[in-house]
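Some notes on the structure that comes next.
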Amino acid sequence: MVKRALSAGMFGLITCLLLNSAALAQDAPAAGSGGAADNLNARIHRQLERINHGVKLGAINADQANKLRASVQSLQNQVAAKRQPDGSLKKEDLTQFENLFNQNSNMIHSLVGAGERKPDGGNALGPGWTAGKDGAQNPNSLLKEMKIENRRELRQERQAIEQKIEQQQLDYEHKMIPELANQKKAILNGKQQLKDIRKEQNAN
């Protein structure tokens, strides 16, 4: 009986691992499949989980949650529309989506951090006050929270700058590739004209 139970348990574990591996393979195409591998499906799942967690904490109200979920759903639809037949995304599309998901993530973290409520101490007012959990009566805790918020804002600002630079690079590439193709064509035409002129001169 013990051996049968162990065998059944091992079989279940192996089956679970195989199913998880198959799911991950569907989520992100192989790097050599003609496009860039990605984890956007996992990011969609994580962002929806963070929104639900924020609602449970009371940090995000129903209206904010609906707007955030709509934003994630919109991105999910855009990703599905841009995927190639093999399930991959073009490099420029993946970069753009990563930037949009980063913006979404920053928005969710900001709302959760700003809206999270903590109960006050037992004696929040009067001569017998005690330090509350929000740190309002503790200057060291308040300073620590301010530093954390400042670091978060700096990180968001840095990410926004990086995203802007990446987008500018993509725009530049899209603009320059056709121009370079035209220049190459003009050079080839010039070479051909020069050959024709030389042929005529030799014939004369």
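For the reader, a short list of remarks on this structure follows.
- Search result, residues across segment 152-183 that are surrounded by fewer than 12 Cβ atoms within 10 Å (Cβ to Cβ) and aliphatic (A, V, I, L, M): Leu154, Ile161, Ile165, Met176, Ile177, Leu180, Ala181
- Total residues in segment 32-79, condition modelled with pLDDT of 90 or more, surrounded by 15 or more Cβ atoms within 10 Å (Cβ to Cβ) and part of a loop (DSSP other than H, G, I, E, B): 0
- Any hit, segment 130-149, residues being at pLDDT 70 or above, more than 28 Å from Asn52 (Cβ to Cβ) and surrounded by 16 or more Cβ atoms within 10 Å (Cβ to Cβ): no
- Test result for Leu194, within 22 Å of Asn104 (Cβ to Cβ) and either in contact with a Phe, Trp or Tyr (Cβ under 7 Å, 6 or more places away or on another chain) or modelled with pLDDT of 80 or more (or both): no
The values are calculated or read from the model by the stated rules, or taken from the named source; none is laboratory data. Keep in mind that this is a model prediction, so the values were computed, not measured. Glycine also receives a Cβ, built like all others from the backbone with ideal geometry; neighbour counts cover every protein chain displayed.
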